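Some notes on the structure that comes next.
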Amino acid sequence: MTEKSFKGRTVLLTAGPTHEPIDPVRFIGNHSTGKMGYALAECFAQQGAKVILVSGPTNLHPQHEGITKVAVTTADQMFAAVQAEAKAADIWVFAAAVADYRPKTVAEKKIKKAGDELTIELVKNVDIAAALGKQKKANQFSVGFALETDNESANASEKLCKKNLDMIVLNSLNDAGAGFAHDTNKITIIEKDATHTFALKQKSEVAQDITKLILERIYG
Ligand code: CTP
């Protein structure tokens, strides 16, 4: 029997944070470094996939020649890049920590210090995974991530359903060594009818666990 691989498959992957500008020198962002997403991109590419990596601002650079990076800054830009590639991709992985809100207006000039309080009005960003979930075809497979601090499993299962995902990778900020900036991660993968828990591992090994389960699912 030939070994299962991602040869001939295209993987569309989002990674990193998004930065939502406030003025020319400031933005709203988060602590995502992109490490988990980039580790996944390498892992898919090593197993033969063509990877389109839509990445928010990070200090990381893909190594494998099978990875094409599309650099974006904001959630809107990430959505546009994902929309352009989604139809042609077999597998979607949403590993980015997308800012849920952005400033309603972006000041043209630096906001000067004045008064004791400053209010910035925010408007909701597009939910990329959920929007894509609405156009997912039967032969496409989608994977989301959930970083939770409480009600972890219930919240992740709700996201699985709401965003029409096939699996969701849950990491809890309560686990030591898991989450942003660490080289390690401790995940639980939740599917509609199954839950898989894994030990604390290097992110490269976590990527192998995730891709292994995806392979099992797409080959049936
Ligand atoms: N996601 C996305 N676009 C957004 C927000 C989230 O594509 N605007 C994706 C993430 O990449 C991840 C999944 O949705 O795969 C869950 O992200 P998360 O931030 O945990 O969920 P939210 O729906 O934003 O819920 P909340 O922040 O309220 O927990």
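The values are calculated or read from the model by the stated rules, or taken from the named source; none is laboratory data. Everything numeric in this text was worked out from a predicted model, so none of it was measured. Here Cβ is always computed from backbone atoms with ideal geometry, including for glycine, and neighbour counts include all displayed protein chains. Protein only, heavy atoms only, side chains kept; ligands, DNA and RNA dropped before computing areas. Shrake-Rupley method; radii C 1.70, N 1.55, O 1.52, S 1.80 Å.
Spot the failing condition for residue 153; the list is (1) at pLDDT below 95; (2) away from the ligand (no atom under 12 Å from the Cβ); (3) open to solvent by less than 50 Å² (accessible area, probe 1.4 Å), and only one is missed.
(3)
Filtering segment 156-191 down to residues that are outside any strand (DSSP E or B) and touching a His at 6+ places or on another chain (Cβ under 7 Å), which residue is farthest from the ligand (Cβ to nearest atom)?
For segment 156-191, the residue satisfying everything is 181.
Filter segment 93-122 down to the residues that are among the β-branched types (Val, Ile, Thr) and touching a strand residue (DSSP E or B) at 6+ places or on another chain (Cβ under 6 Å), then identify the one that is farthest from the ligand (Cβ to nearest atom).
So the residue we want is 111.
I'd like the residue in segment 52-66 that is farther than 22 Å from residue 181 by Cα and away from the ligand (no atom under 16 Å from the Cβ) and, out of all such residues, is nearest to the chain's Cα centre (by Cα).
This residue is 66.
Filter segment 9-52 for residues that are in a loop (DSSP other than H, G, I, E, B), of a type in the set (A, V, I, L, M, F, W, C) and surrounded by fewer than 24 Cβ atoms within 10 Å (Cβ to Cβ) and give the result.
If the condition is that a residue be in a loop (DSSP other than H, G, I, E, B), of a type in the set (A, V, I, L, M, F, W, C) and surrounded by fewer than 24 Cβ atoms within 10 Å (Cβ to Cβ), then 25 is the only one that fits.
Look at residue 98 and say whether it is within 22 Å of residue 125 (Cα to Cα), in contact (Cβ under 8 Å) with a residue 40 or more places away in the chain and of a type in the set (A, V, I, L, M).
Spelling it out, residue 98 is indeed within 22 Å of residue 125 (Cα to Cα), in contact (Cβ under 8 Å) with a residue 40 or more places away in the chain and of a type in the set (A, V, I, L, M).
Are there any pairs, at least 6 apart or on different chains, whose C-beta atoms fall under 7 Å, with the first in segment 74-92 and over 20 Å from residue 122 (Cβ atoms) and assigned to a helix (DSSP H, G or I) and the second at pLDDT below 95 and near the ligand (Cβ under 10 Å from one of its atoms), and if so, which?
Final answer for the pair search is none.
Please go through segment 132-147 and give me each residue that is within 14 Å of the chain's Cα centre (by Cα) and either within 8 Å of the ligand (Cβ to nearest atom) or surrounded by fewer than 16 Cβ atoms within 10 Å (Cβ to Cβ) (or both), ordered by number.
Answer for segment 132-147, where residues must be within 14 Å of the chain's Cα centre (by Cα) and either within 8 Å of the ligand (Cβ to nearest atom) or surrounded by fewer than 16 Cβ atoms within 10 Å (Cβ to Cβ) (or both): 132, 143, 144, 145, 146, 147.
For segment 110-131, what are the residues that are among the hydrophobic types (A, V, I, L, M, F, W, C), assigned to a loop (DSSP other than H, G, I, E, B) and surrounded by 10 or more Cβ atoms within 10 Å (Cβ to Cβ)?
Those that are among the hydrophobic types (A, V, I, L, M, F, W, C), assigned to a loop (DSSP other than H, G, I, E, B) and surrounded by 10 or more Cβ atoms within 10 Å (Cβ to Cβ): 111, 120, 126.
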